[in-house]
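Enquirer: Please see the structure below; I have some questions.
The values are calculated or read from the model by the stated rules, or taken from the named source; none is laboratory data. All of these numbers come straight from a predicted model, not from anything done at the bench. Accessible surface is based on the protein model in full, side chains and every heavy atom, while ligands, DNA and RNA are left aside. Shrake-Rupley method; radii C 1.70, N 1.55, O 1.52, S 1.80 Å.
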Amino acid sequence: MAANDEDQQITELVGRLTDKFPGVGAGVIADIVADVHRGFEGRPVRDFVPLLVERMATQKLVSTVR
């Protein structure tokens with residue numbers, strides 16, 4: 001996966017999670033996604049990174065909302 005594609009998918013992810021968690025500020029969501037995404041820096045296989053970021057960020061948001 002090209003870096004541009006991954007960046008685009010991460011940007012779209014922030015939008016989806018903002019819609020899914022309207023009670024959480026967009027900045028908070030963007031920070032969580034960025035934090036999770038940074039955890040995958042330097043990993044050679046990038047194909048599933050956006051999916052993994054989405055799952056991990058969603059878990060963090062669910063625990064934040066509770």
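Enquirer: Per residue, how many Å² of accessible area does the chain show with a 1.4 Å probe? All intermediate terms of the calculation are to be shown ahead of the outcome.
Expert: Values: 4380 Å² over 66 residues.
Counting only protein heavy atoms, the per-residue value for the chain is 66 Å².
Enquirer: Mind listing the phi-derived Karplus ³J(HN,Hα) values for region 27-38, rounded to whole Hz, using 6.51, -1.76 and 1.60 with θ = phi - 60°, and x for any glycine or proline?
Expert: Along region 27-38, the couplings run x, 5, 5, 4, 5, 4, 4, 4, 4, 5, 4, 4 Hz.
Enquirer: Here's a follow-up. Where does helix 49-65 land angle-wise versus the long Cα axis of the chain, in degrees 0 to 90, nearest 10?
Expert: With both axes taken from Cα atoms, the answer is about 20 degrees.
Enquirer: I would also like to ask the following. Solvent-accessible area of ARG55, probe 1.4 Å, all protein chains present, reported in Å² to the nearest ten, please.
Expert: Accessible area, nearest 10 Å²: 140 Å².
Enquirer: If the chain were replaced by its equivalent ellipsoid, with semi-axes equal to the square roots of 5 times the Cα gyration tensor eigenvalues, what would those be, largest first, whole Å?
Expert: Numbers: eigenvalues 89, 28, 16 Å².
Semi-axes (√(5λ), whole Å): 21, 12, 9.
Enquirer: Follow-up. Any chance you could give the angle, 0 to 90 degrees and rounded to 10, that helix 3-20 forms with the longest Cα principal axis of the chain?
Expert: Helix 3-20 sits at roughly 10 degrees to that axis.
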